[in-house]
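Here the structure is laid out as structure tokens; the discussion comes afterwards.
The values are calculated or read from the model by the stated rules, or taken from the named source; none is laboratory data. No experiment lies behind these values; they were computed from the predicted model shown. Positions of Cβ are backbone-derived with ideal geometry, glycine not excepted, and every protein chain shown enters the neighbour counts.
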Amino acid sequence: MIDRQKLFSGFSLVTDELLPNRAGLERYLRENIQGFAGELTIYKFNGGQSNPTYLLDAGGKRYVMRTKPSGELVRGGHAVDREYRVIAALAQTDVPVARAYCLCRDEAVIGSWFYVMSYVEGRLLWDPALPDMTAQQRAAIYRSMNTVMAALHSVDYRAVGLADFGRTEGYLERQIERWHRQYEQASEKPLQDMLEVAGWLRRNVPATTTGALIHGDYKLENVILGEDDRISAVLDWELSTLGDPLADFSYHCMPWQLPPALFNGLRGLDVRALGIPEEQEYIDAYCRATGRSGIAHWNFYMAFNLFRRAAIIEGVVQRARKGNASNRAAHSLAQLIEPLARRARELAQA
């Protein structure tokens, strides 16, 4: 099993060699963030497979900076401007987010676009089984994750200025084509399971009846938990858009479909004894919170998300081969692609 927490947690000091224009960045931050003062120290978070993330320490205050990675990038990817926009828009909603301070599109400052947000104190956890916690703590964390996702999908995206943030119609069809195309472009030898699942998905797209603001990568490791075991902030909005909320929710439910080996999943564990809801119980709670009577085509949504995740990982591995992955351990994720594709095919054939 890959110990993702060991690989991706913590941070390291950024030297002037890695960020030559420290003075220019410091000047920009003083001019664009009220109250920013003091000598700037920069650390790079080890986590994150796409947009490099940095901890900025100055004058006794902490901030977080997200940037585009260096090198050749996938067209349309690494949109830090979209991340900044959605975080700023959600500030007055029930969805907990960091405070958005500034967005810089001037590449002369540090060599790429970036934005700065507040640093939110709390815990980042990686294993959905939540070892070393009590059953009551696990129940509270899962309850909070469910509540926040329901709140996100209930946001009036037009009222918060995101009416043009994406297109809800044809979302699933576009997603299938996008990730199939990106998978084939990134893969040195495409898996037959991935190609078969792509065809099955095209033939079985359900009708989408509602559209919502969606996160795109909502999972345990992308939320900060406070001491009360509730979410203090949702992180990593790079894939957020307008789309099918059931695709977003089912992505979040993948741990119930994946085994602990390799994936830190929940499949095969006695979740009830752990205090974690069973999959159907979790689905029912979401449906109650969003006013749904249930979710049809669950196997489609789950197969789609397993396929999508495998395609995303293939892109991360490709960047590792090219030498511009955000995390130095990105190449180790290659072993996850085949079992994800196999499980997607199993669900498609069920």
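Anything in the stretch 217-236 that is closer than 22 Å to residue 168 by Cβ and either basic (Lys, Arg) or modelled with pLDDT of 95 or more (or both)? List them, or say none.
Within the stretch 217-236, 218, 234 meet the criteria.
Looking at the stretch 192-220, which of its residues are farther than 19 Å from residue 340 by Cβ, free of Cβ contacts under 8 Å to residues at least 60 places away in the same chain and part of a loop (DSSP other than H, G, I, E, B)?
Result: 207, 208, 209, 210, 211.
Tell me, yes or no, whether the stretch 230-242 has at least one residue that is surrounded by 17 or more Cβ atoms within 10 Å (Cβ to Cβ), among the β-branched types (Val, Ile, Thr) and in a helix (DSSP H, G or I).
Looking for residues that are surrounded by 17 or more Cβ atoms within 10 Å (Cβ to Cβ), among the β-branched types (Val, Ile, Thr) and in a helix (DSSP H, G or I), one finds none in the stretch 230-242, hence no.
Run residue 96 past the list (1) under 28 Å from residue 68 (Cα atoms); (2) of a type outside the set (A, V, I, L, M); (3) modelled with pLDDT under 95 and report the number of the one that doesn't hold.
All conditions pass for residue 96, except number (3).
Checking residue 144 against (1) in contact with a strand residue (DSSP E or B) (Cβ under 6 Å, 6 or more places away or on another chain); (2) modelled with pLDDT of 95 or more; (3) surrounded by fewer than 17 Cβ atoms within 10 Å (Cβ to Cβ): exactly one of these is not met. Which one?
(3)
Residue check: is residue 250 of a type in the set (Gly, Ala, Ser), closer than 23 Å to residue 83 by Cα and either free of Cβ contacts under 8 Å to residues at least 60 places away in the same chain or not assigned by TED's automatic domain parsing to the domain that holds residue 218 (or both)?
So residue 250 fits the description; yes.
Give the residues of the stretch 147-191 that are touching a residue at least 24 places away in the same chain (Cβ under 8 Å), surrounded by 14 or more Cβ atoms within 10 Å (Cβ to Cβ) and either outside the structural domain of residue 228 (by TED's automatic domain parsing) or outside any helix (DSSP H, G or I) (or both), sorted by residue number.
Once the filter is applied, which keeps residues that are touching a residue at least 24 places away in the same chain (Cβ under 8 Å), surrounded by 14 or more Cβ atoms within 10 Å (Cβ to Cβ) and either outside the structural domain of residue 228 (by TED's automatic domain parsing) or outside any helix (DSSP H, G or I) (or both), the stretch 147-191 yields 154, 155, 157, 160, 162, 165, 166, 168, 187, 191.
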